[in-house]
Every structure is written in C-alpha cells, then in structure tokens.
Amino acid sequence: MFFKSMNKSLLITLLGTALLVTGCGGANQGASDKAGATSSATAGKKVINIGLKADPPSMDPNISTSLYDRQVYASLYDKLFDIDANGKIVPMLVNSYEITPDGKTYTFKLKEGIKFHDGTDFDAEAVKFNFERNMTAPKSKRRGELKTVDSVTVVDKNTVKIQLKEPFAPFLSILTDRSGIMVSPAAVKKYGDDYLNHPSGTGPFSFVEQVKGDHVTLKRNDNYWNGKPKVDEVIYKVFTNGTAKVQNLRSGMLDIIDDMPVKEIPAIKADANLQLIAEPGMGFQGIYLNNSKPPFNNKYLRQAVDRAIDREAFVKVLFNGYALPAHTAFSPGNMAYSDLDKATKPNPGEIKDLLAKGGQPNGFSFKLYISTSPENEQFGVVLQNMLKQFNINVQLEKMEYGQLLDIGDKGDFEALQLGWSGRQDPDQNIYDFVVTDMPNNDGRISNPKLDELLLKARVELDEGKRKAIYDEVNKVMQDEAPYVYVYHQYNMLGLNKKITGFNYVPDGLIRTATLDKQ
C-alpha cells in the first residue's frame, strides 16, 4: 500500500483539505434559476436537459479547444468520420473511401442529399471549404492537425480527393474530431467572425441560443439525414458545482450529467432511478508549465515539480480509484502506452538535488491558475500540500474556465491546470501540445528532439515502429518535464433511467441523435 511510504501527517492533511474543498463552492445559480424558467417555456415538448461542468466557450469548431464545446458539437454537427462503441474509426458523412498504397491520397465518396441547418447543400465543395478554412484561417486551432494536407480537389459533386504532402498515419483519426466537423460555408461567409453565434451544421439538432454561463438550447432537425430525432429539444445547462449538478439529476431537473464528484457516486448508485457510467478515458490531466519564462524556463525546477507529486496518493485522495496515475500523455489501451506511464514515489534526495541544480536550494514559489469548479480547487489544494513539504510553494489563483483557456493561449502565466479529453491516435494526445509553435502548445515548449521524433511518428505507417518512436518521445518528455502529467481521468456520466437509446462511446461524448425520454 502506498500509504506506508507516505508521510502520515501529509496524508491526513490531504484527506482533510480534499473533503473541505469538495464541500464548498456555489452552484451556478443562473443555471438553476433558468431551469425552472426553461421548463415552463418548453411545456408540452419532449426536452432532454444535460448538465455540463463548464460553459462551452465557442460554437465554432475552427477555434475550439474545449471538451464542453465538443459535448454540444455531438448534437449540432456531424463529422466526416466518427468512432464507434469499440473505439474504431467508422465513416459518418463519408459513404466510402479509398487510400492509395503510399498513404498519401485519400478519396472520399460522400453521402448524398444532406443539407446544413440553413438549407444549403452538404457536398464536395463544402468539404473543400472546411479543409481550407481549417488550414488557413488566422485564428484556426486546426492548422497543426492538417499541416500535412497539400491539396483538396473536388472530383464531382459528391467526391473529394485529399492529397497529402507525405504519409500521415493519424489522418482518419483527425477527421473524427473537430477537423472533420462540417460547418455551412454559406453561414461562415455570411457571418464571418460572428459565425460562432450563428452555427450551422448537419447534425440531429440545430442552434437556437446560447446564454453565456447558463445554457445552450438546440432544437430538433426534422430533416436529419440519419433519421428524425425522437425529442424536440436538447438543452445544455452549466453547473460548475458538481454536487448541485447531481442534486438536479436526482430531482429530475437534469436528465444526463457529463461528470460528477467522486463523493457523489454512492448516491447515484443507490438511486433506483439513476444509472452511473464510469469508464477509463483516453486523456490526461496535469499542469502546463510555461517553458518560456521563469521559473519554468529552468529544466531542473520543472523536474522538481514533476518528481514531487505522489500520483498514487493524488488519485486515491481525489478520486478513490476512479482515475489512474499518469506520467505520460498515453493511457492504457493507447497504442503508445508503456511502463513509463507508471507512477513513481517522490524521492526527497532527488528533489533536493534538482532544486540545488536549478539554483533554488531553499525552494521557490510559483502561481498556478485553476478553474473555479470545486473539483479543480481540490486539485490545487492537494498539489499545494504535496509540494509544500519540499519547500515548493504554490500560490493558487482561481478563474472562470474560458479565462483559463485565454490565458493559456496568450502565455500569460507561470503554471496552469488544464488537461485533454483524449483521442484514440497517440498523435492527437501530444503533437499539438509540445511541438514548437503548434496551436495548443500553451507551455511554449520548443525542443528540437521532440519536434523531430513527433514528425517522424506522423509519417510512419508501421504500428510497431510508431510505438518505438513514442517510447523515445516519452523518455524525452520525462527528462525535460515540460508538462506535468498527473492522472488519466475516467468518463463518469449520470443518467436518469427515463432516458433510452444512450450508447456509450470511449470519447465520453453524449450523442443525442438516438436518445428518447420516457
């Protein structure tokens, strides 16, 4: 048991602070109040209410970096490809496809007769438009994902050919996510930068409104190509307080919730009206260290923080088994997973030596930005207590989730807590986050060896050889410690048993096209 090797007083402190922080924090009162107003406004309609942990920042997949956006996108948009219940890539808007033996040319035959919510046609021209927008728009977060695309050619109305500059192993996997989401070219041209307030996809539900910090309302797309949805509306409601969200699920005000505090799991399990889904996810949670400014432009100080975290204790205190310790970007089941992901105990002598090498033998301080949810506050407090015993002082500053993303984009921080929900191809869990100048490289990481290895992994089509490259990547990451991996999260969903037609998919997204409400 890890408790035997851990300072007993520290463990008691961690358990106490975890319980204290989990019990505090206010619910999103706006969402709670709005729930009653929405209920009267939707009288006579069949409505599914979904509780989200944070406000979705953007309805435009071109600039999106948030999991909470993706939860809404699963209803609003369709993609060229998707993943199924087994995590396998399957065509969605694509009817069939061919790949040349050299892995450089992809030809997609599209499904026919599909229209965007604004009534315009989904066709090969729309696919070409979406690729080019994602590759060239000034604010695009998709550029790194599509960097290997050389050209997109319309063969005919329902056929498109994509030519790559070189083989790109993750290409189809990339298209199961935002780079494969198809938005209406007409809507983008009409609204420009304001498209995010007028989104138009081909999904089972279309956009009605978003009230920031409160809710997003979608209505049924009666002409949905894959069958008319069974409910009239889907409303996503924001609850930053997980306990309040669970209470609303139990009362019937919410039908589905996207995650929950571990301490609420017994209540869900004990309620005959509710169903708990708890499955290991594909992502990671941890800490961005700003490699471009003090104190974390110093490798040894980055290493000291990384080595000072007792990951087994961390997940025990915070998650009681509903998370896995992490030391890489790759969770069990990922092709790039290895023993390097397994957690090691902090070695006080090693940490003392690292602090001395970093020029801070007496320790140092840094500011960590965290989001305002009680769970994230708990993360910060437990981390603070762990590092304090090594004279590493963490100053916590809370802010709204969207602000956290903005600060990450601007690089205006020393450290911030953000993770990634994960994808099935290893490239999508690491390339954009650590390669020099990539859009999601909030840590301002720039390491020529990492750049070289990750580019090499992208063009290698042999899975065994790719795995060997990622093993080398993991070694460099652990030596440089540019990002501190702490744990692999579980997907934990709560459902009212009145909801039928739910199909769990390993990405944790709530797909509403097949849902019904009894």
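Taking each residue as 0.36 nm, the span from D84 to Y191 lengthens on full extension beyond its C-alpha to C-alpha distance by 35.2 nm. Which semi-axis lengths, in whole Å and largest first, follow from the square roots of five times the eigenvalues of the Cα gyration tensor of segment 161-210? With the √(5λ) rule applied to segment 161-210, the semi-axes are 27, 13, 9 Å. Projecting label points 7 angstrom from Cα along Cα→Cβ for E472 and D156 puts them 4.5 nm apart.
Stretching K388 away from Q403 to a fully extended chain increases their span by 2.7 nm, per 0.36 nm per residue minus the current alpha-carbon distance. Normalising by residue count, segment 154-282 has a Cα convex hull of 187 Å³ per residue.
In the frame of its principal axes, the chain has Cα extents of 67, 56, 37 Å, reported largest first. For segment 284-304, the residues whose amide N sits under 16 Å from a probe point set 7 Å from the Cα of K357 along the beta carbon direction are 296-304. Label-to-label distance for T514 and R133 is 2.9 nm, based on points extended 7 Å past Cα in the beta-carbon direction. Placing a label point 7 Å from the Cα of T120 along the Cα-to-Cβ direction, the residues of segment 154-196 whose backbone N falls under 11 Å from that point are 183-192. Applying 0.36 nm per residue to the separation of Q395 and Y504 and subtracting their alpha-carbon distance, the gain on full extension is 35.4 nm. Dividing the summed -39500 (n - 2.57) terms of all DSSP H runs of n ≥ 4 by the residue count of the chain sets its mean residue ellipticity at 222 nm at -10000 deg cm²/dmol. Modelled this way, with points 7 Å down the Cα-to-C-beta line, the labels at S446 and K228 are 5.8 nm from one another.
One quarter of the surface of the convex hull around the alpha-carbon atoms of segment 81-188 equals 7.0 nm², the direction-averaged projected area.
FYI, it's all coordinate maths here, none of it is from the lab. The structure presented is a predicted model; accordingly, all values stated were derived computationally and were not measured. Don't worry about glycine lacking a Cβ; one is built from the backbone with ideal geometry, like all the others, and counts go over all protein chains shown.
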